[in-house]
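Every number here is computed from the coordinates shown, using simple stated rules; none is lab data. These numbers come from a predicted model, not from an experiment. Ideal geometry is used to build each Cβ from the backbone, glycine not excepted, and the neighbour counts take in all protein chains shown.
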Amino acid sequence: MGESYEARNDKYVIGVDYGTLSARAVVVCVGSGETVAESVYAYPHGILRTLPGEPADGAGELPSDFALQEIDDYVEALYHTIRTAVKQSGCRAKDVIGIGIDATSSTFIPLSASGEPLCKTEGFQQNPHAWLKLWKHHGAQEEADRITALAAKRQEKFMMRCGGKVNAEWMLPKLLEIAQKAPKVYEATDNFMEVSDYLVYLLTGEVTRCMCHAGYKLLWNEEDGYPSEDFLEALHPCLASLSGKLKGKELRVGECAGRLTKEAAQKLGLREGTAVAASLIDAHVAVPSVGIDGADKALMILGTSCCMLLCSEKLSYIQGISGCVKDAVLPGLYAYEAGQSAVGDLFDWFVRNCVPGSYEREAAEKGISIHTLLAGKASQLAPGESGLVALDWWNGNRSCLADAKLSGMILGMTLRTKPEELYRALLEATAFGMRAIFEEFHRGGVTAKELYACGGIVGKNPFMMQLYADILGQTIYTSSTEQGSAFGAAVYAAVAAGAAEGGYLSVKEAAGRMGRSGGRRYEPVPQNVEAYNRLYREYKILHDYFGAGGNEVMHRLMK
């Protein structure tokens, strides 16, 4: 069984989580599960509006549905956060036994034959398709629709595992977009890598591909592999060669992808040969971080967007999900992914664009954030009191409609409508959207007997969490750690290191020992549940009318 629990107390693992606008690293004690240090690094370039070298007058501005980033920001974040967190922890390099990395997905980078990002090579610096494409790049919606239509016509088996519809945020539509719109980029690319796999490569020199990314974003499964060459060629002749541009063995979660090279160890101040876990998707790693170690439990990761993971022993068809992959989160279980494209982003949009100066002054005078001020005012309202209902599609719909061209809406405004009423309606809309997702799962025979939540919003907005419990009609358990994904990456790092080095034999064991639910528990209030049941029926009418073919006005307006 390896070292005893007590003997592990002086062993540490590092988890690095790459979000949309920043990365963070945590150093976690293997024995106690305590986070002893953390570091955050904001990407200096954020999301690019123009490529470097383009004029600043707006002439070279990227299309509104593009979301590109600077790969150098990710690389610098890797070294900066780890070095800083290790220094703050005070632990010795020899006591750090593993590193785990997760990132948003599908966020990927085309690489040259030498392993260099294509956007850094001559002739491709000004081609946007050679750059790192963020998960929220929505330029491939037409390609996603085309893949869905062809797969349905051919009755491709893989469609059962992705809910019958391909999402524009996934890797395959983005690859088809490159093949069609930037064939020189496609031809010059030796390997299309998820950014977390690329970062693992930088640390280890090993080219690997996490089955988590491959399964959810590239329609891969262990039985059949990737979609057939025949299917891919029917999409586009160039894609017939796709398998040769997806280099790297698919690894299970918790597997050791390789070990720190001498060069990487020197940059990080760590021990050469330290285990590096197979990379993971940011939401998926959070599952064991809250102590989930079995079936019929769901986790909502609430941040810029929302991702929901539900582990089950059943394989079922769930319409519009983001994928279902066995062994991708917990060994032996199917992990279903679904989610929403805008949650924190939606609230941030409202605060930046729709709050009057008087509210900003009031928040400043009270020494609180605008969000806290609005939540306080909104909490004084009863459910349904404002007469407002909203659709939460400010960044399209991820699940279960899987349509990036849908847009947001607020119904019921009058000349008396106040900012806090609008704010509450938007909070309610995101919770209603999650309820619609859970209902789709229930129709497919997959249910969540326990519901957990983690992410940046969870600890910052207790009013929102209570609202979610009321709308979902279910108790919500929250995590005691603010960095759920980074912590989860550290849990997988302990498994990759193995028991012999002071880690753990399995994800289940590591989750049970290190997992940190233990946060606040939110119980639904019966009278609020009843009121929201009525309001949800109105939301669902609008949801189906505007999103499920009743009226495609949102599509027409987006053109």
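Structure notes:
- Within the chain, helix-based [θ] at 222 nm, where runs of 4 or more DSSP H residues each add -39,500 (n - 2.57), nearest 500: -11500 deg cm²/dmol
- Pairwise Cα separations in the range 206-344 fall into 10 Å bins from 0 onward with the following percentages, short to long: 11, 33, 32, 21, 3.
- Stretching the chain fully between Ser22 and Ser228 yields a gain of 70.5 nm (0.36 nm per residue, less the alpha carbon separation).
- Label-point separation in nm, Met160 to Asp348, each point 7 Å along Cα→Cβ: 4.0
- Amide proton proximity set for Trp394, modelled H, under 5 Å, gap of 5+: Gly408
- Test item: Cα-centred dipole of the range 164-266, Lys/Arg +1 and Asp/Glu -1 on Cβ, debye: 340
- Amide H within-cut-off set for Ser22, under 5 Å, with H built and near neighbours excluded: Tyr43
- Estimated from the Cβ-Cβ distance and a Förster radius of 56 angstrom, the FRET efficiency linking Glu122 and Ala499 is about 0.70.
- Whole-Å distance, taken between Cα centres, linking the range 110-186 and the range 449-464: 33
- The label-point distance for Glu523 and Glu360, in a model that sets each label 7 Å from Cα toward Cβ, rounds to 4.2 nm.
- Using a Förster distance of 56 Å, the FRET efficiency for Asn551-Val75 (Cβ separation, nearest 0.05): 0.75
- Inverse mean reciprocal Cα-Cα distance (Kirkwood Rh) of the range 391-481, Å: 14.7
- If the convex hull is drawn through the Cα atoms of the range 442-559, its volume per residue in Å³: 180
- Farthest towards the positive end of the charge dipole of the range 9-105, among the residues Tyr18, Ile71, Gly31, is the Cα of Gly31, using unit charges on the Cβ of Lys, Arg, Asp and Glu.
- For the pair the range 42-98 and the range 264-333, the centres of their Cα atoms are 22 angstrom apart.
- Relative contact order of the range 465-559, pairs being alpha-carbon contacts under 8 Å that are 6 or more residues apart, as %: 35
- Given +1 at the Cβ of Lys and Arg, -1 at the Cβ of Asp and Glu and no other charges, the dipole of the chain around its Cα centre is 520 debye to the nearest 20.
- Ordering Met160, Met554 from the fewest to the most neighbouring beta carbons within 10 Å gives Met160, Met554.
- Averaging the sequence gap over all C-alpha pairs within less than 8 Å and six or more residues apart, then dividing by the number of residues, gives the range 53-164 a relative contact order of 32 percent.
- Our summary gives the chain a relative contact order of 17 percent, counting only alpha carbon pairs under 8 angstrom and 6 or more residues apart.
- A Förster distance of 25 Å, applied to the separation of the beta-carbon atoms of Lys449 and Ile541, puts the FRET efficiency at 0.30.
- Across all directions, the average projected area of the convex hull around the alpha carbons of the chain is 25.3 nm².
- Amide hydrogen neighbours beyond the local backbone of Val343, cut-off 5 Å, H modeled: Ser305, Cys306
- Gain on full extension, evaluated as 0.36 nm per residue between Leu315 and Arg92 minus their Cα-Cα distance, stands at 75.8 nm.
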